[in-house]
Amino acid sequence: MRWRRVVPAEVEAAVESCQSPEDLPMMRRVCEQHDSAISRLLLLATEHLDWPKPETVDAIQTRARHEIARLERVWWFWK
């Protein structure tokens, strides 16, 4: 598995530079431009900022399980 396919450098930089709620639109744009597992998880998290924390955690964990399964399918295909 290639790390940069899962975490593109542009997404990593956007997350690192996201310091306040005003930075969220920029991070969302970058995630929308770079389709990856982490991008999809970050987009989901930003969509659920107004949800109660336990529900947000459940939603992210569920999506993360789906992303892991997706990555495993891709990995087995290329293996």
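Lys and Arg at +1, Asp and Glu at -1: add these up for the other residues within a Cβ distance under 14 Å of R28 and post the number.
On the way: positive: R29, R40; negative: E10, E22, D23, E32, D35, E47.
Net local charge, R28 excluded: -4.
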Quantify, in whole percent, the carbon and sulfur part of the accessible surface of the chain (1.4 Å probe; protein heavy atoms only).
59 percent
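Of V7, V15, which has the most accessible area with a 1.4 Å probe, and how do the rest follow in descending order? Present the calculation step by step, with values, prior to reporting the outcome.
Numbers: V7 20, V15 65 Å².
Descending order: V15, V7.
Residues of the chain: accessible area per residue at 1.4 Å, in Å²?
75 Å²
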Listed residues A9, V57, V74: farthest to the positive end of the dipole of the chain (Cβ charges):
V74
Between A13 and L49, the FRET efficiency computed from the C-beta separation at R0 = 25 Å comes out, to the nearest 0.05, as 0.75
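Suppose every K and R has +1 on its Cβ and every D and E has -1 on its Cβ; what is the size of the dipole of the chain about the Cα centre, in Debye to the nearest 20?
Taking the Cα centre of the chain as origin, the dipole is about 560 debye.
Calculate, in whole percent, how much of the Cα-Cα pair population of the chain lies beyond 15 Å.
Summing the P(r) tail past 15 Å for the chain gives 59 percent.
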What number, rounded to the nearest 500 deg cm²/dmol, is the helix-based mean residue ellipticity at 222 nm of the chain, given -39500 (n - 2.57) per DSSP H run of at least four residues and division by all its residues?
-23500 deg cm²/dmol
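The values are calculated or read from the model by the stated rules, or taken from the named source; none is laboratory data. Because the structure is a prediction, the values reported are computed rather than measured. Ideal geometry is used to build each Cβ from the backbone, glycine not excepted, and the neighbour counts take in all protein chains shown. Quick note on the areas: whole protein, heavy atoms, side chains included, nothing else; ligands and nucleic acids left out. Shrake-Rupley method; radii C 1.70, N 1.55, O 1.52, S 1.80 Å.
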